[in-house]
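Colleague: Quick one: the structure is below, and I'll ask about it shortly.
The values are calculated or read from the model by the stated rules, or taken from the named source; none is laboratory data. It should be emphasised that the depicted structure is a prediction, and the values quoted were computed from it without experimental measurement. For neighbour counting, all protein chains shown are included, and Cβ atoms are generated from backbone atoms with ideal geometry for every residue, glycine included.
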2 protein chains.
Amino acid sequence: MAEQKKMVAEITSLDEDFTQWYTDVCIKAELVSYSQIKGFMVIKPAGYALWEAIQQHLDARFKATGVQNVYMPMLIPESLLRKEGELVNGFAPEVAWVTAGGSEPLTERLCVRPTSETLFSDFYKDDVHSYRDLPRLYNQWCSVVRWEKETRPFLRSREFLWQEGHTIHATKEEAEERTSQMLDVYADFLAEDMAIPTIKGRKTDKEKFAGAEATYTIEALMHDGRALQSGTSHFFGQKFAEAYDITFTDKDNTLKYVWQTSWGMTTRVIGAMIMVHGDNRGLVLPPRIAPVEVVIIPIQQRKEGVLEKAYEIRDALSNFRVKVDDSDKSPGFKFAEQEMRGFPLRVEIGPRDIENGVCVVVRRDTGEKIQTPIEGLDQVIGDLLKTIQSDMYERALRHLEEHTYSAATKEEFVSTFEEKTGFVKAMWCGEQACEDKIKEEYGVTSRCMPFRQEEISSTCVCCGKPAKKMVYWGKAY
Amino acid sequence: MAEQKKMVAEITSLDEDFTQWYTDVCIKAELVSYSQIKGFMVIKPAGYALWEAIQQHLDARFKATGVQNVYMPMLIPESLLRKEGELVNGFAPEVAWVTAGGSEPLTERLCVRPTSETLFSDFYKDDVHSYRDLPRLYNQWCSVVRWEKETRPFLRSREFLWQEGHTIHATKEEAEERTSQMLDVYADFLAEDMAIPTIKGRKTDKEKFAGAEATYTIEALMHDGRALQSGTSHFFGQKFAEAYDITFTDKDNTLKYVWQTSWGMTTRVIGAMIMVHGDNRGLVLPPRIAPVEVVIIPIQQRKEGVLEKAYEIRDALSNFRVKVDDSDKSPGFKFAEQEMRGFPLRVEIGPRDIENGVCVVVRRDTGEKIQTPIEGLDQVIGDLLKTIQSDMYERALRHLEEHTYSAATKEEFVSTFEEKTGFVKAMWCGEQACEDKIKEEYGVTSRCMPFRQEEISSTCVCCGKPAKKMVYWGKAY
């Protein structure tokens, strides 16, 4: 057990220093490694396998709603970027500029895409003529660059992987419906596949995406009580259509501007998964996302018949993603490694178990050990994986609920944030001045105006004027 | 039929102007569209679906050999790029340079990756310590930028999508074996999935990859008799290991440099597929790659029961990728569109067919029409798709064989290239001077020294000195 302790000792305790714990898990579970350029990370096999699983689930959900994948250039001419003022102002301070191609300086600077509204708009402008061409429901999987000052693996990096959907529609209603449909897709994906509950709502004008008329968000709560914006869906109205001249001839034979949306989810959700489910032994992966669902660890594997039995069990579990750890490390080291990597179930099988026709199944999420007959194991494993998936969601939901508070007055608001970590629901007058003040004085931002509004009180928690909206406030990543 | 003719008339005849035909197909089959930056293309849904199918097949083949996916940064510091001299000299003239991040100029220029040997080497240097850490079999799917002067969709673009595998090994033998294993993976994928036969061989030193000790290639022959390098696999020896100091402690407890390989395949293979299989009606897709294998086109679809029958047939063909074209276009237009897009089979179903319990199946590759009972159609479709896949390969192979010539003397060599299009097999002394001369005088390059050597004559076709190798020569894309 010494090795097991050693490996576990390598990560900082989560209650002691959550930030350091997070970094330790990213490194020790071999998800990422730093590169020579600040904020550019190497995503290692264990990390990339998570992204592949996320892509697979999310892409299938997109396609089920009629979305098609495309690929746009990674570089944007400066003049094209500058066509829509708000977007430029939002992104210009943080783009990377290409100024030379080969040995020649370029006549116009090109930026590495920070997001691709401009490219999609420029494309749609020539691609769409008639209402028959609408809607266009395009998405791309790619990397983008934003020159952030502070960077952390997955949570905030100068380059990150994401998908960005960009759709155009003939009517406002259809575009609005798509905006909320995609928010639902994200929320369902996080809940059902990643076991992460979220609060759905609308961003305030201060917090919305540069250039959007409305930004919708799903906000998750991390183990340390800080919020993480986990996916956003934007309604652009006709702003880009006007700036980029994207028109179509409608059924009534008049020329109209299209209505536009965009929506994105990034490698950040890997960070969310780590911080919602992880513990002091490392990662805890929801079964539906885990690249390996079951690790079979033979005990006294040099004894005759042990390895053979391990392979036999693997073959009997062919419905699942199973790995036998037959390396020459000690069982204790293998246990620690499987726990660090977060694989949902471990099956231990040794000579005495074989004699008795049983094995021990250990849940990663609870540590519970279950002795069970080898015969019929696949049924047991299948049931356990389902249970783990739903238990993980339920635990995360309970954590979210238990760390969501209400504050009717400024005093309550302030004392709650002083004493607790989590979301605080409180009323807001709708003025940015109050948002600014709250952020400045308490380091707290408006996370969203939830779709499910409640009336905590009748006045703004900041200025005391009549309240317009109930807002989720929190400290955020 | 007027509309059908019109749509077909929109593409230039392949025999008249192959280059224009190629561009027409790329545009009219809606594979790509141009962006504002020369050489940067928009890959549209029909084009990207091909890349998704290619990725899926190829990625499964990689993983079956133990390869794992990762993601490396898209930017490379200039100092890192410059560590290996040959690679820099090969790529420096064609990289894009990032010189500013946000509003600040960078202290060191960063290039957008043209290929990632340098990044993988820099990563492996710290990641590998012992022989137990080897081999590392990593691959990434990403986009790269090379500032080409002449550009054409898929064939040569300034940004393209690809995969690049980078492996390191404890021994030379193992690295060499991996190099040839991956070349086989590419050749098998092209033959079995893309229906494209290739010649396997080694590049001459003049034509090999910058920094490689040996480059292996698969060369395909396009419909117009020009060659297309379709995939390459490189053996680096210890060159990068020495430049980037990638060492490991071997079993004998001594410090050694690793042995390295890399291998890549790009969106170029979509160009190859177009130019090997396409015809005057547009694309012809091999069934295994086609996003849609069967298009069902109802005739007189407003008549009662016709559309219902079309959907019923679709549901009965659930083993295949099937689409019903129930749009309000005319059947003739739908036929032309399905042919332009290259979907392998079309099922025509009208009121009289329904009465008789039959339908008409039309092969895209041959135009053959087959009347067949609706009952048992899935068996017929399954067999036809297999037949089409293998017929397409056989036709391409026959074309390759019929356009491969031998030349024993310089006169034969010259006259063959004057009169014919295709590969010419001829002997070579091994001197670059002769390669240079042949390229300069006849516009012909050495495509490869095939693994299957023949002795066409005993002397170099250029200088008459004793021959060392039989070479495939050709005009190339």
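Colleague: Kindly check whether there is at least one residue in the stretch B:14-28 that is surrounded by fewer than 17 Cβ atoms within 10 Å (Cβ to Cβ) and within 11 Å of another protein chain (Cβ to nearest Cβ).
Modeller: Within the stretch B:14-28 (the criterion being surrounded by fewer than 17 Cβ atoms within 10 Å (Cβ to Cβ) and within 11 Å of another protein chain (Cβ to nearest Cβ)), the answer is no, since none of the residues qualifies.
Colleague: Identify the residue in the stretch B:149-167 that is among the hydrophobic types (A, V, I, L, M, F, W, C) and not in a strand (DSSP E or B) and, among all such residues, is nearest to the other protein chains (Cβ to nearest Cβ).
Modeller: B:Phe154
Colleague: Here's another thing I want to ask about it. Considering only residues of the stretch B:390-425 that are in contact with a Gly (Cβ under 6 Å, 6 or more places away or on another chain) and not β-branched (Val, Ile, Thr), which is surrounded by the most Cβ atoms within 10 Å (Cβ to Cβ)?
Modeller: B:Phe423
Colleague: I need the full set of residues from the stretch B:169-178 which are over 25 Å from the mean Cα position of the chain (by Cα) and of a type outside the set (Gly, Ala, Ser), in order please.
Modeller: B:His169, B:Thr171, B:Lys172, B:Glu173, B:Glu174
Colleague: Specify which of the listed residues (B:Thr387, B:Thr366) is hydroxyl-bearing (Ser, Thr, Tyr), surrounded by 13 or more Cβ atoms within 10 Å (Cβ to Cβ) and touching a strand residue (DSSP E or B) at 6+ places or on another chain (Cβ under 9 Å).
Modeller: Being hydroxyl-bearing (Ser, Thr, Tyr), surrounded by 13 or more Cβ atoms within 10 Å (Cβ to Cβ) and touching a strand residue (DSSP E or B) at 6+ places or on another chain (Cβ under 9 Å) holds for just one of B:Thr387, B:Thr366, which is B:Thr387.
Colleague: Of all the helices (runs of 4 or more DSSP H) wholly in the stretch A:364-477, which have at least 2 residues that are within 26 Å of A:Arg288 (Cβ to Cβ)?
Modeller: A:377-402
Colleague: Something else about it: Is it the case that some residue within the stretch B:222-242 is in contact with a Pro (Cβ under 7 Å, 6 or more places away or on another chain), among the aliphatic types (A, V, I, L, M) and assigned to a strand (DSSP E or B)?
Modeller: No, the conditions are met nowhere in the stretch B:222-242.
Colleague: How many residues are out of contact with any Gly (no Cβ under 9 Å at 6 or more places or on another chain), of a type in the set (A, V, I, L, M) and within 13 Å of another protein chain (Cβ to nearest Cβ) when one looks only at the stretch B:125-143?
Modeller: Count: 1.
Colleague: Does at least one position in the stretch A:379-388 carry a residue that is more than 30 Å from A:Gly357 (Cβ to Cβ) and not assigned by TED's automatic domain parsing to the domain that holds A:Ile199?
Modeller: No, because not a single residue in the stretch A:379-388 is more than 30 Å from A:Gly357 (Cβ to Cβ) and not assigned by TED's automatic domain parsing to the domain that holds A:Ile199.
Residues checked against (1) within 25 Å of A:Leu221 (Cβ to Cβ); (2) within 26 Å of the chain's Cα centre (by Cα):
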site	(1), (2)
A:Asp279	yes, yes
A:Val294	no, yes
A:Gln300	no, no
A:Val306	no, no
A:Asn319	no, no
A:Val347	no, no
A:Thr372	no, no
A:Met392	yes, yes
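Colleague: Which one is modelled with the lowest pLDDT among residues in the stretch B:130-148 that are among the aromatic types (Phe, Trp, Tyr) and not in a strand (DSSP E or B)?
Modeller: The selected residue is B:Trp147.
Colleague: Does B:Gly90 qualify as being farther than 20 Å from B:Phe240 by Cα and out of contact with any helix residue (DSSP H, G or I) (no Cβ under 7 Å at 6 or more places or on another chain)?
Modeller: The answer is no for B:Gly90.
Colleague: What are the pairs, 6+ residues apart or on separate chains, where a residue within the stretch B:129-158 that is within 16 Å of B:Val269 (Cβ to Cβ) and without any contact (Cβ under 8 Å) to a residue 12 or more places away in the chain has its Cβ under 8 Å from a residue that is in a strand (DSSP E or B) and hydroxyl-bearing (Ser, Thr, Tyr)?
Modeller: Hits for this filter: zero, empty list.
Colleague: From the residues in the stretch B:33-74 that are more than 7 Å from chain A (Cβ to nearest Cβ) and β-branched (Val, Ile, Thr), which one is nearest to A:Val42 (Cα to Cα)?
Modeller: In this case the residue turns out to be B:Val67.
Colleague: Now for a different question. Restricting the stretch B:81-118 to residues that are within 8 Å of another protein chain (Cβ to nearest Cβ) and crowded, with 20+ Cβ neighbours inside 10 Å, which is nearest to B:Gln163 (Cα to Cα)?
Modeller: By that ranking, first place goes to B:Val112.
Colleague: I'd like to know if the stretch B:57-79 contains one or more residues that are touching a residue at least 12 places away in the same chain (Cβ under 8 Å), touching a Pro at 6+ places or on another chain (Cβ under 9 Å) and closer than 24 Å to A:Gly102 by Cβ.
Modeller: yes
Colleague: Of the numbered conditions (1) surrounded by fewer than 20 Cβ atoms within 10 Å (Cβ to Cβ); (2) within 26 Å of A:Tyr71 (Cβ to Cβ), B:Gly225 fails exactly one; give the number of that condition.
Modeller: Of (1) surrounded by fewer than 20 Cβ atoms within 10 Å (Cβ to Cβ); (2) within 26 Å of A:Tyr71 (Cβ to Cβ), only one is false for B:Gly225: (2).
Colleague: State the number of residues belonging to the stretch A:430-448 that are free of Cβ contacts under 8 Å to residues at least 40 places away in the same chain, hydroxyl-bearing (Ser, Thr, Tyr) and in contact with a Ser or Thr (Cβ under 6 Å, 6 or more places away or on another chain).
Modeller: Count: 0.
Colleague: Something else now. Can you find a residue that is within 22 Å of A:Glu10 (Cα to Cα), surrounded by 17 or more Cβ atoms within 10 Å (Cβ to Cβ) and at pLDDT 95 or above anywhere in the stretch A:301-321?
Modeller: no
Colleague: Which pairs do you get when a residue that is hydroxyl-bearing (Ser, Thr, Tyr), found in the stretch A:39-53, comes within reach of a residue that is outside any helix (DSSP H, G or I), reach meaning Cβ atoms under 7 angstrom, with the pair 6+ apart or on two chains?
Modeller: From residues that are hydroxyl-bearing (Ser, Thr, Tyr), the pairs are A:Tyr48/B:Asn69; A:Tyr48/B:Val70; A:Tyr48/B:Tyr71.
Per-residue answers, yes or no, for (1) assigned by TED's automatic domain parsing to the domain that holds A:Ile349; (2) touching a Pro at 6+ places or on another chain (Cβ under 7 Å); (3) assigned to a helix (DSSP H, G or I):
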residue: A:Val284; (1), (2), (3): no, no, no
residue: A:Pro287; (1), (2), (3): no, yes, no
residue: A:Glu304; (1), (2), (3): yes, no, no
residue: A:Ala310; (1), (2), (3): yes, yes, yes
residue: A:Ile313; (1), (2), (3): yes, no, yes
residue: A:Ser318; (1), (2), (3): yes, no, no
residue: A:Asp328; (1), (2), (3): yes, no, no
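Colleague: Here's something else I'd like to know. From (1) surrounded by fewer than 20 Cβ atoms within 10 Å (Cβ to Cβ); (2) within 13 Å of chain B (Cβ to nearest Cβ); (3) farther than 18 Å from A:Val70 by Cβ; (4) within 26 Å of the chain's Cα centre (by Cα), pick out the condition that doesn't hold for A:Arg146.
Modeller: (1)
Okay, residues lined up against (1) surrounded by fewer than 20 Cβ atoms within 10 Å (Cβ to Cβ); (2) of a type outside the set (D, E, K, R); (3) touching a residue at least 60 places away in the same chain (Cβ under 8 Å); (4) under 26 Å from A:Thr387 (Cα atoms):
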residue: A:Thr179; (1), (2), (3), (4): no, yes, yes, no
residue: A:Glu192; (1), (2), (3), (4): yes, no, yes, yes
residue: A:Ile196; (1), (2), (3), (4): no, yes, yes, yes
residue: A:Gly201; (1), (2), (3), (4): no, yes, yes, no
residue: A:Ala210; (1), (2), (3), (4): yes, yes, yes, no
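Colleague: While we're on this one: Does any residue of the stretch A:2-10 turn out to be assigned to a helix (DSSP H, G or I), among the charged types (D, E, K, R) and touching a Cys at 6+ places or on another chain (Cβ under 9 Å)?
Modeller: No, the conditions are met nowhere in the stretch A:2-10.
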